[in-house]
1. Please report, for the Cα atoms of the range 178-252, the Rg to one decimal and the Dmax as a whole number; what are they, in angstrom?
2. What does the charge dipole of the chain about its Cα centre add up to, to the nearest 20 debye, if the Cβ of each Lys and Arg holds +1 and the Cβ of each Asp and Glu holds -1?
3. With no solvent and one point per C-alpha, what does the Debye sum give as log10 I(q)/I(0) for the range 101-167 at q = 0.22 Å⁻¹?
4. For the range 152-234, give me the percentage of DSSP beta bridges that are antiparallel, rounded to the nearest 5 percent.
5. Once every DSSP H run of n ≥ 4 in the chain is given -39500 (n - 2.57) and the sum is divided by its residues, what mean residue ellipticity at 222 nm do you get, rounded to the nearest 500 deg cm²/dmol?
6. When the dipole is taken about the Cα centre of the range 153-274, and only Lys, Arg (+1) and Asp, Glu (-1) are charged at their Cβ, what size is it in debye, to the nearest 20?
7. Translational diffusion coefficient of the chain at 10 °C, 1.306 mPa s, Stokes-Einstein with Kirkwood Rh over Cα pairs, in µm²/s as a whole number.
8. With viscosity set to 0.890 mPa s at 25 °C, what whole-number translational diffusion coefficient in µm²/s follows for the range 67-205 from Stokes-Einstein and a Kirkwood radius over Cα pairs?
Amino acid sequence: MTPTRRSLIAATLAAPALLRFGVGSAQAATTLKLSHQFPGGTIDEGDFRDRMCRRFATTVAERSKGALEVQVYPGSSLMKTNAQFGAMRKGALDMSLYPSPYAGGEVPEMNIGLMPALVTSYAQAVAWKTAPVGRKLTEILDSKGIILVSWVWQSGGVASRERPLVSPADAKGMKVRGGSREMDMMMKEAGAATLSIPSNESYAAMQTGACDAVITSSTSLISFRLEELAKALTSGRERSYWFMLEPIMMSKTVFSGLPKDQQDLIMAVGGELEAFGQAGAKEDDTRVEEIFGKAGAKVSQLDETSLGQWRDLARGTAWKDYAGKNANCAELLKLAEQVA
């Protein structure tokens, strides 16, 4: 690839892969752009979601012998966080590691990926992919122009500026970032005020006092340095009402334009990396306790009683609202409840 060619690719920030084949050169490499909102690092250091994307890129390049290249753009450096899902659907962005509920405005069914107290353990989360609920969600996304390449689930916790947020009684009067419309519904029922922002805006919201407590993945609690502002952490290590599906997705338009062997390679590598993703998520559930504890925060665990109280609130608010949106949502919720 010549410097001029490389410059043209860099300049075409959101151009779909289908427009990046070398003219008159059947052997030219296809370059895919993989965007995400999380801090960048290296293949060995930093946010595991960025490392997972870099491992994906490296493995795809190696196995395709350079015929397929993946460029990783961390920190929403390619395009704004909330624009990424719609861009993939249109074929204007190739790939993204994207929090599923961020897509809920366009595809309501995606909010099941952060339905409060529906998934409460990693074993339950991982079982989704091959269970009827996972197959149904994959089918729905395919019909909306999105291919699920790699399933990743993360447990989450709560970073609070002042007092701990453990049970529903603690939420009254607090301003809370929950991460999804459904999570916000449960929090409002508990007496909290809510605000809707991407996790990469959490630090500023806590710093200014616009937010008293941020609920997000253990990895984001670490990557966005919330221990600098928090006096309390409710850990998601033992159990949590906050489990998010945060997969690597791909534009169906772009995917369909690739040769079958490259499609198979992308799906194979995505599947293989799921174990790395889940291991990274679990490691961060432990690491976040160490980091916040060292910074002087009070670290609490969620017990079964509090988890049950949150589930009761969620069932009467978020679950009910979600099931009433459309037939797909109702079916997904019913199928999800069957996964123990």
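The values are calculated or read from the model by the stated rules, or taken from the named source; none is laboratory data. Bear in mind the structure is a predicted one, so any value in this text is a computation, not a measurement. Note that each Cβ is placed from the backbone with ideal geometry, even for glycine, and that neighbours are counted across all protein chains shown. The accessibility values were calculated without ligands, DNA or RNA, using every heavy atom of the protein model including side chains. Shrake-Rupley method; radii C 1.70, N 1.55, O 1.52, S 1.80 Å.
1. That works out to 13.2, 44 Å for Rg and Dmax.
2. Working: 39 positive and 37 negative charges, 147 e Å.
It works out to roughly 700 debye.
3. Taking Cα atoms of the range 101-167 as identical point scatterers yields -1.03.
4. On the way: 8 of 12 bridges.
Here the share of antiparallel DSSP bridges comes out near 65 percent.
5. Numbers: 14 runs with 137 residues, N = 340.
Dividing the helical sum by the residues of the chain leaves -11500 deg cm²/dmol.
6. On the way: 13 positive and 15 negative charges, 84 e Å.
So the dipole magnitude of the range 153-274 works out to roughly 400 debye.
7. So the translational diffusion coefficient is about 78 µm²/s.
8. Estimated via Stokes-Einstein, D reaches 146 µm²/s.
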